[in-house]
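Remarks on the structure that follows.
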Number of protein chains: 2
Amino acid sequence: MPAHHDEAGRTLDRVKERPTWLISRAFSRSSALLAAGFEAHGDGLRGYHYRLLAALEQWGSASQADLGRDTGIDRSDVTAALTELESRNLVERRTDPDHKRRKIVTLTPQGADALLRLDAVLDGIQEEVLAPLTAAQQRQFVDLVSRLG
Amino acid sequence: MPAHHDEAGRTLDRVKERPTWLISRAFSRSSALLAAGFEAHGDGLRGYHYRLLAALEQWGSASQADLGRDTGIDRSDVTAALTELESRNLVERRTDPDHKRRKIVTLTPQGADALLRLDAVLDGIQEEVLAPLTAAQQRQFVDLVSRLG
DNA sequence: GACCAATGTTGGCTCGGCCAACATATAGTG
DNA sequence: CACTATATGTTGGCCGAGCCAACATTGGTC
């Protein structure tokens with residue numbers, strides 16, 4: 001992400017008004033807050049882990065390939081993230097008896113707990129991110145930014 | 001940046017409404033368009049190069065350290081990017097006679113040309129990014145997202 | 001003259017994302 | 001049935017943008 005740092009130096013005219021820059025600045029702030037939140041309350045977990053836990057909670061156990069497809073995370077990254085989740089006992093991996101090549105991933109009770117904790121943290125961050133806007137502006141912004149996807 | 005890919009798989013409820021996610025999705029699209037633009041018309045240049053050229057055009061020759069401060073780019077990254085710009089003759093580096101440790105960077109005419117070309121490319125991308133919104137919505141969005149920095 | 005700060009450079013790290021190759025297993029087709 | 005194609009998990013590597021630590025050199029200040 002670009003360097004939106006603490007506004008050191010002067011302002012680059014060519015850049016400061018461009019929507020792409022404004023978006024990237026907002027993203028930068030948003031992800032700084034997210035990183036801080038994960039750092040403080042995340043037990044070393046990061047975005048990938050959260051998304052995998054959320055997918056398991058929402059759709060139940062699934063193979064790694066399906067998890068990858070549903071979360072948009074590459075198979076290889078799913079493997080790595082699951083290894084970390086497994087080592088924290090937040091997730092279990094067992095090979096599908098009907099499909100020996102496939103591994104079925106299951107959320108453990110500890111995993112469900114961790115997910116809830118992360119949810120709370122993330123909710124707090126949403127408020128922080130939108131704090132500069134009034135409630136009405138927040139609704140407007142969410143509406144508009146939704147269409148830019 | 002998160003995987004906002006072409007909406008493969010299903011939608012993660014926990015995530016899809018959160019402003020942080022929407023912002024990162026917009027950023028993802030924005031930077032995909034930027035990358036494509038630089039790829040197509042950028043002569044191998046990227047964001048750092050553009051920002052350095054823009055700073056030189058706006059404020060004139062400067063030391064690398066000052067360039068870093070004014071653009072928010074780390075000294076080390078400034079060094080690398082300038083080396084590439086210099087090898088394309090878009091920029092000149094000469095050591096300051098009064099401060100032998102300092103190097104003064106100057107925009108060449110070719111550099112100024114390149115900057116203008118990139119400006120045009122970037123302007124086109126701004127329109128593309130905001131295309132999903134009406135003109136009034138675009139103004140609203142720019143106003144709101146400006147406050148999230 | 002002895003420190004301390006600034007400068008440019010090198011090298012390395014993170015995070016999110018992406019791709020290639022590979023062994024293995026399953027499914028589909030002749 | 002045999003053969004082939006596809007799916008799966010894993011390893012290892014690459015990228016861009018950002019950030020930091022160390023270092024030699026240079027400058028300025030007590």
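The values are calculated or read from the model by the stated rules, or taken from the named source; none is laboratory data. Everything quoted here is computed from the prediction, not taken from an experiment. Note that each Cβ is placed from the backbone with ideal geometry, even for glycine, and that neighbours are counted across all protein chains shown. Surface accessibility is based on the protein's heavy atoms, side chains included, excluding ligands, DNA and RNA. Shrake-Rupley method; radii C 1.70, N 1.55, O 1.52, S 1.80 Å.
Quick notes on this one:
- Taking trypsin sites (Lys or Arg not before Pro) as exposed when their DSSP state is a loop state and no more than 12 other Cβ atoms lie within 10 Å, the longest site-free interval of chain A runs over A:1-99.
- GNM flexibility winner over chain B from B:A120, B:A81, B:A135 (Cα, springs under 10 Å): B:A135
- Diffusion coefficient, µm² s⁻¹, Stokes-Einstein with Kirkwood Rh over alpha-carbon pairs of the stretch B:14-129 at 37 °C and 0.692 mPa s: 213
- Rolling a 1.4 Å probe over the protein chains gives A:W21 an accessible area of about 50 Å².
- Two-decimal Rg to Rh for the protein assembly as shown - Kirkwood Rh, Cα set: 1.05
- When accessible surface is computed with a 1.4 Å probe, chains B and A are found to bury approximately 5500 Å² between them, both chains counted.
- Sites B:E92 and B:A32 - FRET efficiency at Förster radius 25 Å, r taken between beta-carbons, to 0.05: 0.15
- Carbon and sulfur %, accessible surface of the stretch B:14-129 computed with the full protein complex present, 1.4 Å: 49
- Cβ-vector label at 7 Å, A:D143, separations to other copies in nm: 1.3
- Distances from B:D43 to itself in the other copies, using label points 7 Å out along the Cα-Cβ axis, amount to 5.3 nm in increasing order.
- At R0 = 30 Å, FRET efficiency that the Cβ-Cβ distance of B:K16 and A:E17 yields, to 0.05: 0.50
- Amide H within-cut-off set for A:R102, under 5 Å, with H built and near neighbours excluded: A:D96
- Copy-to-copy label separations for A:R88, where each label sits 7 Å from Cα toward Cβ, in nm and ascending: 4.2
- Per residue accessible area in Å² of chain A, where ligands, DNA and RNA are left out and the probe is 1.4 Å: 51
- Relative contact order of chain B, taken over Cα pairs closer than 8 Å and 6 or more residues apart, is 22 percent.
- Rounded tilt (10° steps) of B:19-41 against the dominant C-alpha axis of chain B: 50
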